[in-house]
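K.L.:
Take a look at this one; I'll ask things after.
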Amino acid sequence: MFYLPGLYRLCINAIITLFLFSLINGCAKKVPFLEKYYTKAEYRIPMRDGIRLFTTVYTPRDKSQLYPILLWRTPYSVAPYGENKYPTKRIDSWHHLAEEKFIFVYQDVRGRFMSEGEYSNMRPYIPVKTDSLDIDETTDTYDTIEWLVRNTDQFNGKVGMWGISYPGFYAAMGTMDAHPALVAVSPQAPIADWFIGDDMHHHGALSLLLSFDFFSTFGVPRQGLTTEWSPDFKYGTPDGYRFFLEMGPLANSNHQYLKNSIPFWNEVMIHDTYDDFWKSRSTLQHFNNNVKPVVMTVGGWFDAENCYGALHTYQTIEKKNPAAFNMLVMGPWFHGGWVRSDGSNLGPVEFGSKTGDFYEQNIELPFFGHFLKDKTNPDLPEAFVFETGVNQWHQLPDWPPENGQPFSLYLNPQRELSFFPPENERLLYDEYVSDPARPVPFTARITTSMPREYMVEDQRFAASRPDVLVYKTETLSENVTLTGPITVELYVSTSGTDADWIVKLIDVYPDDAPDPADNPNDIRMGGYQMLVRGDIMRSRFRDSYEQPKGMIPGEITEINFTMNDIYHTFLSGHKIMLQIQSSWFPLFDRNPQKFVKISTAGEPDFKKAVQRVYHTSNYPSAVHVSRLY
């Protein structure tokens with residue numbers, strides 16, 4: 001017993017020594033992945049007009065083989081800057097590719113961060129270039145690849161390009177007039193058209209929350225080359241609904257906050273129709289049989305920003321470039337969720353597997369591995385799409401599926417939703433009062449951002465409002481699988497001279513649906529009203545995005561628009577629901593319900609209006625889609 005204290009001290013010292021040794025040894029092993037396996041170099045690559053673009057190159061340290069290049073062009077910074085500085089966090093969008101080993105090239109696009117030149121949002125494409133000063137994103141991409149081909153060691157001669165969101169736009173532009181070495185491109189959630197369906201507007205209605213939040217930071221003019229972002233806008237409250245409501249008319253965005261300091265925001269306020277400013281920035285018009293690389297476009301069914309861009313980039317390339325290898329991937333993802341999450345769920349809605357991991361290992365890696373590294377042909381399909389509701393992947397020969405049959409959901413009296421058109425010839429309608437002073441919120445959350453989960457959020461918070469019409473089917477006795485785009489056909493009238501029409505397609509769960517296994521927010525799935533697809537149509541653009549026109553008070557008017565594609569099964573025991581409303585705030589700006597220029601409208605222009613939706617044999621309001629049997 002006399003020797004135990006000394007022995008105890010020796011044991012403690014030994015344990016401490018072993019712990020410190022393990023800690024030091026462990027720290028030595030925690031070298032960031034890229035630093036351990038890649039060398040980094042920084043260059044200023046000259047363009048044809050003399051402007052130099054800041055470019056970072058990560059090359060595998062393994063010198064035993066040649067590697068293809070993967071190029072990512074971005075307006076969002078290639079940080080960290082400095083050849084001895086490596087990303088210390090997992091790079092979600094390319095870590096799985098880095099393990100496979102490519103030469104990664106990241107570039108600040110013209111006019112952003114450390115690249116010279118003037119920046120232009122969605123810089124318009126110049127189809128016919130007459131001299132070296134005619135530059136666009138296709139020429140900057142071509143010149144970058146040309147320099148890399150001539151100056152990159154360990155290069156196998158093949159270049160791929162990819163990017164998510166705005167970088168997806170640059171990837172899509174890279175497919176046009178492509179450098180011969182560019183053989184594979186993957187535009188992922190690419191911006192395609194900022195007036196009709198992506199980010200900034202939907203069918204001409206301004207995406208207020210997203211646009212204001214984004215451009216109040218991103219749109220601040222750069223003062224010379226910089227490695228720093230502009231500071232985030234300070235709302236001074238967590239309540240975005242209240243912030244934008246108290247801001248008042250859209251013109252107050254400048255009067256009260258931005259002070260005309262954001263040039264692109266000022267352009268948005270001026271260009272409130274689909275004029276040449278917006279048309280010139282659409283990529284879709286330019287895929288004119290000029291796409292030579294193989295293309296894999298990727299998108300998410302629940303991407304609140306660029307679902308339109310993904311679907312329409314694929315569809316337009318397919319239509320205009322019949323000889324091109326062109327495939328589509330659509331999964332149950334939020335914006336970039338295929339690599340920014342494991343894809344197993346979105347909020348309380350579960351997808352049965354790690355769909356993001358599946359995409360990385362079974363779709364993206366095989367695509368770039370085959371076309372850039374001559375690996376085994378994975379025989380990828382025309383469309384690799386995920387069916388929500390039953391949570392299944394499908395490999396299809398076409399998208400939308402050609403075997404889909406026409407299917408409609410009609411509004412009927414007693415707020416019913418029917419598979420058959422109404423037969424009553426009497427003038428039947430439902431009505432509500434739309435009040436711009438009390439718009440319908442787009443989410444039940446208190447937030448100044450756009451929650452990624454809002455695209456599947458429980459809509460019971462909206463269904464209880466008197467200014468939201470609710471129509472639903474009887475309980476389904478069999479599964480109903482709907483695919484492809486959704487066409488909305490509404491017959492409406494308003495007591496005003498303009499109005500917005502929001503239509504939401506909803507999957508209503510049975511009352512005994514089980515709650516999620518991991519449920520920290522105590523969400524109840526019994527009766528859950530899952531948003532499957534929703535969109536807005538501004539009446540003034542019902543006939544033309546270029547030449548808006550008002551509505552005649554009280555006159556029955558047909559409103560038609562198309563919502564993005566779906567691939568969803570409404571299970572037996574569920575119900576299908578439609579909700580119709582005239583505001584979705586602050587996701588979209590408020591319509592004064594008076595035909596005026598909204599960006600300059602004053603407080604007196606905002607009026608209550610009585611909105612009517614008709615459902616008779618002569619005015620059969622409905623949504624039309626395809627059904628798989």
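The values are calculated or read from the model by the stated rules, or taken from the named source; none is laboratory data. Because the structure is a prediction, the values reported are computed rather than measured. Note that we place each Cβ from the backbone using ideal geometry, even for glycine, and neighbour counts take in every protein chain shown.
K.L.:
Starting from segment 337-350, take each residue that is acidic (D, E) and list its partners that are assigned to a loop (DSSP other than H, G, I, E, B), counting only C-beta distances under 8 angstrom and pairs at least six apart or across chains.
P.N.:
D342/K354; E350/S344; E350/N391; E350/P516
K.L.:
Looking only at segment 127-146, how many residues end up being closer than 21 Å to S115 by Cα and part of a loop (DSSP other than H, G, I, E, B)?
P.N.:
5
K.L.:
Can you find even one residue in segment 230-251 that is within 26 Å of D143 (Cβ to Cβ) and not assigned by TED's automatic domain parsing to the domain that holds Y166?
P.N.:
no
K.L.:
Here is a list: L409, L311, L372. Which entry is assigned by TED's automatic domain parsing to the domain that holds I506 and modelled with pLDDT of 95 or more?
P.N.:
Testing whether each residue is assigned by TED's automatic domain parsing to the domain that holds I506 and modelled with pLDDT of 95 or more leaves just L409.
K.L.:
Follow-up question, since we're still on this one. Which residue pairs have Cβ atoms closer than 8 Å, lie 6 or more positions apart in sequence or on different chains, and pair a first residue in segment 527-551 that is under 23 Å from I506 (Cα atoms) and surrounded by fewer than 21 Cβ atoms within 10 Å (Cβ to Cβ) with a second residue that is at pLDDT 95 or above and of a type in the set (A, V, I, L, M, F, W, C)?
P.N.:
As it stands, the answer is G527/V508; G527/A513, since those pairs meet every condition given.
K.L.:
Follow-up. Taking segment 173-224 as the region of interest, how many residues are within 27 Å of S582 (Cα to Cα) and aliphatic (A, V, I, L, M)?
P.N.:
Going through segment 173-224 one residue at a time, the tally reaches 9.
K.L.:
Would you call V385 under 21 Å from L571 (Cα atoms), β-branched (V, I, T) and not in a loop (DSSP other than H, G, I, E, B)?
P.N.:
yes
K.L.:
In contact with a Lys or Arg (Cβ under 9 Å, 6 or more places away or on another chain) and not in a loop (DSSP other than H, G, I, E, B), is that true of G299?
P.N.:
no
K.L.:
Among N289, N254, which is the only one that is surrounded by fewer than 17 Cβ atoms within 10 Å (Cβ to Cβ), in contact (Cβ under 8 Å) with a residue 12 or more places away in the chain and within 23 Å of P436 (Cβ to Cβ)?
P.N.:
After ruling out the rest, the residue left standing is N254.
K.L.:
In the set F215, F169, which member is part of a helix (DSSP H, G or I), within 27 Å of K234 (Cβ to Cβ) and either under 13 Å from the mean Cα position of the chain (by Cα) or not aliphatic (A, V, I, L, M) (or both)?
P.N.:
F215
K.L.:
Now for a separate question. I need a count of the residues in segment 94-126 that are in a strand (DSSP E or B) and in contact (Cβ under 8 Å) with a residue 60 or more places away in the chain.
P.N.:
Final tally of qualifying residues: 2.
K.L.:
Separate question: Among the residues of segment 398-417, count how many are surrounded by 12 or more Cβ atoms within 10 Å (Cβ to Cβ) and touching a Lys or Arg at 6+ places or on another chain (Cβ under 8 Å).
P.N.:
So the answer is 5.
K.L.:
Of all residues in segment 130-152, which are over 30 Å from R340 (Cβ atoms) and in contact with a Leu (Cβ under 9 Å, 6 or more places away or on another chain)?
P.N.:
D143
K.L.:
Being part of a strand (DSSP E or B) and among the hydrophobic types (A, V, I, L, M, F, W, C) is the filter; apply it to segment 391-417 and report the residue that is nearest to L490 (Cα to Cα).
P.N.:
Here the residue is L411.
K.L.:
Got a sec? Which of L66, L70, L133 is among the hydrophobic types (A, V, I, L, M, F, W, C), within 29 Å of F358 (Cα to Cα) and surrounded by fewer than 17 Cβ atoms within 10 Å (Cβ to Cβ)?
P.N.:
So the residue among L66, L70, L133 that is among the hydrophobic types (A, V, I, L, M, F, W, C), within 29 Å of F358 (Cα to Cα) and surrounded by fewer than 17 Cβ atoms within 10 Å (Cβ to Cβ) is L66.
K.L.:
A follow-up question, please. One residue is enough: does segment 314-330 have a residue meeting the conditions in contact with a strand residue (DSSP E or B) (Cβ under 9 Å, 6 or more places away or on another chain), in a loop (DSSP other than H, G, I, E, B) and buried (at least 22 other Cβ atoms within 10 Å of the Cβ)?
P.N.:
Among the residues of segment 314-330, not one is in contact with a strand residue (DSSP E or B) (Cβ under 9 Å, 6 or more places away or on another chain), in a loop (DSSP other than H, G, I, E, B) and buried (at least 22 other Cβ atoms within 10 Å of the Cβ), which makes the answer no.
K.L.:
Give me the pairs, please: first residue somewhere in segment 418-445 and surrounded by 15 or more Cβ atoms within 10 Å (Cβ to Cβ) and outside any loop (DSSP other than H, G, I, E, B), second residue anywhere and modelled with pLDDT under 95 and of a type in the set (D, E, K, R), beta-carbon distance under 9 Å, and either six or more positions apart or on two chains.
P.N.:
Note: pairs meeting the criteria are D430/R415.
K.L.:
For segment 553-593, what are the residues that are in contact with an Asp or Glu (Cβ under 6 Å, 6 or more places away or on another chain) and either of a type in the set (F, W, Y) or not assigned by TED's automatic domain parsing to the domain that holds N412 (or both)?
P.N.:
Once the filter is applied, which keeps residues that are in contact with an Asp or Glu (Cβ under 6 Å, 6 or more places away or on another chain) and either of a type in the set (F, W, Y) or not assigned by TED's automatic domain parsing to the domain that holds N412 (or both), segment 553-593 yields Y567, F570.
K.L.:
Let me ask another. So, of the residues in segment 67-106 that are more than 21 Å from K158 (Cβ to Cβ) and of a type in the set (A, V, I, L, M), which turns out to be modelled with the lowest pLDDT?
P.N.:
I91
K.L.:
In a loop (DSSP other than H, G, I, E, B) and touching a strand residue (DSSP E or B) at 6+ places or on another chain (Cβ under 6 Å), is that true of F561?
P.N.:
no
K.L.:
Another question about this same structure. In segment 229-248, which residue that is assigned to a helix (DSSP H, G or I) and among the aromatic types (F, W, Y) is surrounded by the fewest Cβ atoms within 10 Å (Cβ to Cβ)?
P.N.:
The extreme case among them is F243.
K.L.:
Follow-up. State which residue is nearest to F541 (Cα to Cα) when the search covers only segment 456-515 and only residues that are part of a strand (DSSP E or B) and of a type in the set (F, W, Y).
P.N.:
Only one residue fits best here, namely W501.
K.L.:
Given the criteria over 25 Å from F419 (Cα atoms) and of a type in the set (S, T, N, Q), does S477 qualify?
P.N.:
So S477 does not fit the description; no.
K.L.:
Going through segment 29-43 one residue at a time, which ones are of a type in the set (D, E) and modelled with pLDDT of 95 or more?
P.N.:
E42
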